[in-house]
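Below is one structure, written out as structure tokens; the observations come after it.
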Amino acid sequence: MANGKRGKFIKFGIIAVVVAVVVIAAKMFGVVDQINATLRNILQWIDSLGTWGPVAFIAIYILAAVFLISGAVLTLGAGALFGVIKGSILVSIASTLGATLAFIIGRYFARGWVSKQIENQPKFNAIDKAVAGEGWKIVGLTRLSPIFPFVFLNYAFGVTKVSLKDYALASWIGMMPGTVMYVYIGALIGDIATIGAGERTKTPLEWGLYIVGLIATVVVTVYVTKIAKKALDNQLKDEAESNPNFSGEDEVASL
């Protein structure tokens, strides 16, 4: 059992290292800059479409979410192209639809595998069920946090038992403050050619939302830990009641 768990930790550690290396390499070799340049060209193309521009924008935004491309440049671009009110509405619709589609893909392709992995692990199964009951709170808080990358969260939540309705509603509400802020900043910039092209100084509004996001990060971490502990305590209690010879120490030792 110990070797099996050690193997799983090693596997997840390797995956984490690989992801980190890929992200760093993408930044070092200009892949991110190239993606941003491509998105700026797409925004200029959308601008040339006239009345069909909003439809094309929503479609592109959804595709970006599915293919794990950050929507920051597109959100800023919405402000430059459509203004604060219309831009916020379009991004809100597009980001929620994109997040929901990625969630469904994650659930359809990966949930079965996850279920098989945890079906013989009562502890993880208990946590999964507990998270499902409080899923909308966790989704909403993580959407406020700058630490959790949205494009990866979309798929990650798909393999949990969070309901689609709770996920979509909490995502929509949780993403709204950041959406309005970045659309507003994009409207202030006003020039698509400069969006996402190099570093720029954060506005006081950005810093304020960033601080709120960091607080949300701490809250969601503590909250998830509390839920997990409660789920495990309940599991130990149920097993002790159903089996008089059950020893909670053995179960805790296996955590």
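Counting only helices (runs of 4 or more DSSP H) that sit wholly inside segment 29-108, those with at least 1 residues that are among the acidic types (Asp, Glu) are 31-47.
In segment 135-178, the residue that is surrounded by the fewest Cβ atoms within 10 Å (Cβ to Cβ) out of those that are not in a helix (DSSP H, G or I) and not polar (S, T, N, Q) is 147.
Throughout, read-outs are computed from the coordinates displayed, never taken from laboratory work. What you see is a predicted model, and the numbers here were worked out from it, not measured in a lab. FYI the Cβ positions are ideal-geometry reconstructions off the backbone, even for glycines, and counts take in every protein chain you see.
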